[in-house]
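One structure is given below, encoded as structure tokens.
Values quoted throughout were computed directly from the atomic coordinates according to the rules given, and no laboratory measurement underlies them. For clarity, every value in this text was computed on a predicted model and none was experimentally measured. Cβ placement follows ideal geometry from the backbone for every residue including glycine, while neighbour counts extend to all protein chains displayed.
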Amino acid sequence: MPNDLLIDELVGDLRPVRPHNPVRQVAWLAVLAALELGGFAALGTVRPDLASALDGAAFWWKVGGLASLAAIGVATALRSFDPVSSPRKNFRWWIGVAAVLLAAGWLIDLGNASPLGLAERLQWRMGLQCLFTMTLLSLPPILALAIMMRRGAPTDRSASALATGAASAAWGAFIFAFHCPSDDPFYIAVWYSLGCGLVILLSRTILPSVARW
Amino acid sequence: MSAKSDDWGELMAAAQAGHGGAYRRLLGELRGWLERFYGRRLPPAMVDDAVQDTLIAIHEKRHTYDSARPFRPWLAAIARYKWIDRLRAMARTSSEELSDDIAVGDHESAVTSAVLLKQLLSRLKPAQAEAIRLVKIEGCSVEEASARTGQSGSLIKVNIHRGLARLAVMIQKQTDAE
């Protein structure tokens, strides 16, 4: 098609659009997070010993760390949907914070001195359930971010998919943390890392083609 | 930032509000800019398609332009994204026979006009650059390129594929560094 004809068609197709607004996106995601957390709690899933868990450093390490990772991940992902931004630098921040959190967990674990062996501490049956539930809880944010990614104009789709996966994984794990009865840093480091890895892999595999433009 | 770029930002803001006249003027001016952009980066036979593809992308993604920010980086990011897309598409089709309209009649003007592409090729391994230059820019068949370079047909295909994939990564990394 000659370029003049194409321009005629594009002008003919012109409709007013509402410019992209990151604040609106953040507001939508905050509402989704509140609904998901509220809905999950309404199912009676909150751990019964939550009040006593609040006294432990490991619980705050778990919840605070995951909230930080979710926030950095969401900010990185949303920024990457703008064509001018690349998420790779910010994504390295996410990995750095995750590494610091794992090191902090190791320090907390040193202070706990559990009498159980590592295999027993893994509790693999419960761990597999954790993995499954965590992944399910990551689906709402991954869907919401995928819609935003598709509507946006990411110029590095692979990195945007990684950031979206990282944000959604940490988000799902954060909500799950209010149910998970374990505050053992070793258990959390292993199963939560596996859960996050799974969601990131899923996102990295599917989203680049979904958000192609 | 040039005055023209500022004008383009204002025209795009008007287009976002549905102003057809401003949009027509903007697309007309962008077409010229894009023809020069791709003329330096792609073989001439691919320039028109790349320009049209980018104009459509600009149309579909016009809501992502923030009128509080300069227009030129937004435009350049989209144009570069579509350029990388073209290189990846060339890599994917490296083993297919080229149709007649891809081959370029005037080899010399083809090579000299895609100046930036030529510069980028110099950063690849010589065997990769030669395979891309002969098949993708000059329009030779894989067999002809094989005869001229001494590389086997399969190696020509592999070198085109790897070379173009590497070019796409190089451009992407350059974008990140900027």
Any helix of chain A counts here only if DSSP assigns it H throughout, its Cα atoms span 24 Å or more along the axis, and its mean Kyte-Doolittle hydropathy is at least 0.5, and such helices are A:22-42, A:57-80, A:88-112, A:124-151, A:157-176, A:185-210
Charge dipole of the stretch A:55-210 built from unit charges on the beta carbon (Lys, Arg +1; Asp, Glu -1), centred at mean Cα; most positive-end Cα among A:Trp93, A:Thr205, A:Leu136 is A:Thr205
Relative contact order of chain A (C-alpha contacts under 8 Å, at least 6 apart) in percent is 30
Expressed as a whole number, the average count of other chain Cβ atoms within 10 Å around the Cβ atoms of B:60-70 is 5
Among A:Ala77, A:Ala67, A:Ala34, the residue with the largest mean-square fluctuation in a Gaussian network model of chain A built from Cα contacts under 10 Å is A:Ala34
Averaged over residues of A:20-33, the number of beta carbons from other chains lying within 10 Å of each residue's Cβ is 1
Exposure proxy check on B:Ser67, B:Ser146, A:Ser203: fewest-to-most Cβ neighbours within 10 Å is B:Ser67, B:Ser146, A:Ser203
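Using a simple charge model, +1 on the beta-carbon of Lys and Arg, -1 on the beta-carbon of Asp and Glu, nothing else, what dipole does the stretch A:117-206 show about its Cα centre, in debye to the nearest 20? Please list the in-between numbers first.
Details: 6 positive and 4 negative charges, 78 e Å.
Value, rounded to 20: 380 debye.
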With R₀ set to 51 angstrom, the calculated FRET efficiency between the beta-carbons of A:Val46 and B:Arg123, to the nearest 0.05, is 0.35
Of all lysine pairs in the protein assembly as shown that are eight or more residues apart or on different chains, those with Cα atoms under 29 Å apart total 25
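Taking the Cβ-Cβ separation of A:Arg15 and B:Glu144 as r and a Förster radius of 51 Å, what is the calculated FRET efficiency to the nearest 0.05? Walk me through the intermediate numbers first.
Values: r = 49 Å, r/R0 = 0.97.
Given R0 = 51 Å and the Cβ-Cβ separation, E is 0.55.
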Exposure proxy check on B:Lys82, B:Lys157, B:Lys136: fewest-to-most Cβ neighbours within 10 Å is B:Lys157, B:Lys82, B:Lys136
Per the helix-only model, chain A has a calculated mean residue ellipticity at 222 nm (DSSP H runs of ≥4, -39500 (n - 2.57) each, divided over all residues, rounded to the nearest 500) of -26000 deg cm²/dmol
Expected max-MSF residue from A:Val31, A:Val17, A:Val74 in the GNM of chain A (alpha carbon, under 10 Å) is A:Val17
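Taking the number of other C-beta atoms within 10 Å as the exposure measure, put B:Asp66, B:Asp49, A:Asp184 in order starting with the fewest. If you can, show how the numbers build up before the last one.
Values: B:Asp66 18, B:Asp49 14, A:Asp184 21.
In order of increasing Cβ crowding within 10 Å: B:Asp49, B:Asp66, A:Asp184.
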